[in-house]
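K.L.:
Structure below; questions to follow.
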Amino acid sequence: MAKVIFTIICFMLSSAAQASSIFKCIKDDKIVFSQHSCPKEFRQHKIEYQYGITTETDSDARIKTQDPLQALLNKKTISKARLLQLLDSEVYRLNQENSYYEILRASELQKLERNRYWQKKQPSDPEYQASVKEMNQHFDQLVQVNSGAIELLKMRKLQIEKETTEIR
């Protein structure tokens, strides 16, 4: 269970850690792009992207970037408030994904219904019933996986909130 929670948190952090700036490292005729500061033997240009505008700045000043996953692995933990915020955002995302699955299910059902109609088959046709059942099983499985993850995240959130209130 701890591995599942750790994996979920890592995915949340990796999506939250996508920076709006990268570094262009230049040495002779070699150019390398990185999310971290360039090594000392390279010249460094910082490229920032915000609101559809890209800005490139020649900055050889080294900037210490901290990878959130690396910080967790090095026991430099994130704050409890930030962790709760990340958990809430992941629960929201999974709920949105479940809603999207229900929209896709309705669309697929309409497609099956149209095919059945144009093939002049009855709603009780075994082939139609089997395809509806298969489609429902597929979407039920997707929703069930997300619902399980939501429950794990909510349990973890309650555990963190309980630990926070006990400290106070």
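The values are calculated or read from the model by the stated rules, or taken from the named source; none is laboratory data. For clarity, every value in this text was computed on a predicted model and none was experimentally measured. Positions of Cβ are backbone-derived with ideal geometry, glycine not excepted, and every protein chain shown enters the neighbour counts. For accessibility, only protein heavy atoms count, side chains too; no ligands or nucleic acids. Shrake-Rupley method; radii C 1.70, N 1.55, O 1.52, S 1.80 Å.
K.L.:
Specify the residue that is nearest to D88 (Cα to Cα); the eligible residues are those in the range 132-151 that are open to solvent by 40 Å² or more (accessible area, probe 1.4 Å) and touching a residue at least 12 places away in the same chain (Cβ under 8 Å).
P.N.:
Step one: filter the range 132-151 for residues open to solvent by 40 Å² or more (accessible area, probe 1.4 Å), giving 133-134, 136-138, 140-142, 144-145, 147, 151.
Those left that are additionally touching a residue at least 12 places away in the same chain (Cβ under 8 Å): 136, 142, 147.
Values: N136: 28, L142: 20, S147: 14 Å.
Step by step, filter the range 132-151, then rank; the result is S147.
Residues are listed down the side, and each one gets a yes or a no for (1) under 26 Å from the mean Cα position of the chain (by Cα); (2) modelled with pLDDT of 95 or more; (3) on the phi > 0 side of the Ramachandran plot; (4) of a type in the set (A, V, I, L, M, F, W, C):
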{"position": "L112", "(1), (2), (3), (4)": "no, no, no, yes"}
{"position": "R116", "(1), (2), (3), (4)": "no, no, no, no"}
{"position": "K120", "(1), (2), (3), (4)": "no, no, yes, no"}
{"position": "P123", "(1), (2), (3), (4)": "no, no, no, no"}
{"position": "A149", "(1), (2), (3), (4)": "yes, no, no, yes"}
{"position": "L152", "(1), (2), (3), (4)": "yes, no, no, yes"}
{"position": "R156", "(1), (2), (3), (4)": "yes, no, no, no"}
{"position": "Q159", "(1), (2), (3), (4)": "yes, no, no, no"}
{"position": "T165", "(1), (2), (3), (4)": "no, no, no, no"}
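K.L.:
Follow-up. Of the conditions (1) modelled with pLDDT under 75; (2) out of contact with any Ser or Thr (no Cβ under 7 Å at 6 or more places or on another chain); (3) surrounded by 11 or more Cβ atoms within 10 Å (Cβ to Cβ), R82 clears all except one; give me its number.
P.N.:
(1)
K.L.:
If you go through the range 88-98 one residue at a time, do you hit one that is modelled with pLDDT under 85, touching a helix residue (DSSP H, G or I) at 6+ places or on another chain (Cβ under 7 Å) and open to solvent by less than 90 Å² (accessible area, probe 1.4 Å)? Steps first, please.
P.N.:
Going through the range 88-98, the residues modelled with pLDDT under 85 turn out to be none.
Among the residues of the range 88-98, not one is modelled with pLDDT under 85, touching a helix residue (DSSP H, G or I) at 6+ places or on another chain (Cβ under 7 Å) and open to solvent by less than 90 Å² (accessible area, probe 1.4 Å), which makes the answer no.
Residue-wise test of (1) aliphatic (A, V, I, L, M); (2) in contact with a Cys (Cβ under 9 Å, 6 or more places away or on another chain); (3) in a helix (DSSP H, G or I).
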site	(1), (2), (3)
S124	no, no, no
E127	no, no, yes
M135	yes, no, yes
S147	no, no, yes
K154	no, no, yes
I160	yes, no, yes
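K.L.:
Looking for something open to solvent by 70 Å² or more (accessible area, probe 1.4 Å), more than 30 Å from L84 (Cα to Cα) and assigned to a helix (DSSP H, G or I) - is there at least one such residue anywhere in the range 101-108? Walk me through how you get there before you give the answer.
P.N.:
Within the range 101-108, the subset open to solvent by 70 Å² or more (accessible area, probe 1.4 Å) is 102-103.
In the following step, the residues that additionally are more than 30 Å from L84 (Cα to Cα) were identified as none.
So far as the range 101-108 goes, no, none of its residues is open to solvent by 70 Å² or more (accessible area, probe 1.4 Å), more than 30 Å from L84 (Cα to Cα) and assigned to a helix (DSSP H, G or I).
K.L.:
Taking the range 128-146 as the region of interest, how many residues are small (G, A, S) and out of contact with any helix residue (DSSP H, G or I) (no Cβ under 7 Å at 6 or more places or on another chain)?
P.N.:
Qualifying residue count for the region: 1.
K.L.:
Shifting gears a bit: If a residue must be surrounded by 13 or more Cβ atoms within 10 Å (Cβ to Cβ) and of a type outside the set (S, T, N, Q), how many such residues does the range 114-131 contain?
P.N.:
Looking only at that region, the number is 4.
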